Amino acid sequence: MKKTIYEETYSAIEELCEKSKLKEGSIVVVGCSTSEVVGEKIGTNSNPDVAGEIFKALYDCTKSKGLFLAVQCCEHLNRAIITERDAVPAAEIVN
């Protein structure tokens, strides 16, 4: 299952990047629900293993294209968006 999640996620983000013609240095913002990925209602079946495979695929693909990945957190974390410092070097760190 992990390999399939990684492969499907990588394929989806690769297609998104290609069709949107993103330029190097662009930021790609992604939000998803691991509950929905495994076929459950959103917010009912969080899965750290699934999240890890999704993140790895997203990160591997965006890095290979010179893009930055930003991830939207769930409602429990106020839907905050997190990314690498290099993506927004002048921004203030918020905790």
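The values are calculated or read from the model by the stated rules, or taken from the named source; none is laboratory data. Predicted model only: the values in this text are computed from it and were never measured. We place every Cβ from the backbone using ideal geometry, glycine too, and count neighbours over all the protein chains shown. All accessible areas refer to the heavy atoms of the entire protein, side chains included, with ligands and DNA or RNA removed. Shrake-Rupley method; radii C 1.70, N 1.55, O 1.52, S 1.80 Å.
Counting only protein heavy atoms and a probe of 1.4 Å, the accessible surface of the chain is 53% carbon and sulfur. Based on every Cα atom in the chain, Rg and the maximum pairwise Cα distance Dmax equal 13.9, 40 Å. In this structure, the amide hydrogen of SER26, modeled 1.01 Å from its nitrogen in the peptide plane, lies closer than 5 angstrom to those of PHE68, counting only residues at least 5 positions away or on a different chain. Between SER20 and VAL88, the distance separating the two model label sites (each 7 Å from Cα on the Cα→Cβ line) works out to 1.5 nm. The longest stretch of the chain left intact once loop-based GluC sites (Glu not before Pro) with at most 13 other Cβ atoms within 10 Å are removed from consideration, loops following DSSP, is 25-83. Loop-located trypsin sites (Lys or Arg not before Pro) in the chain (DSSP state other than H, G, I, E, B) with a sparse environment of at most 13 neighbouring Cβ atoms within 10 Å: LYS21, LYS23, LYS41, ARG79. Per residue, the accessible area of the chain comes to 71 Å², computed with a 1.4 Å probe over protein heavy atoms only. Relative contact order of the chain: 32 percent, from C-alpha pairs under 8 Å at least 6 residues apart in sequence.
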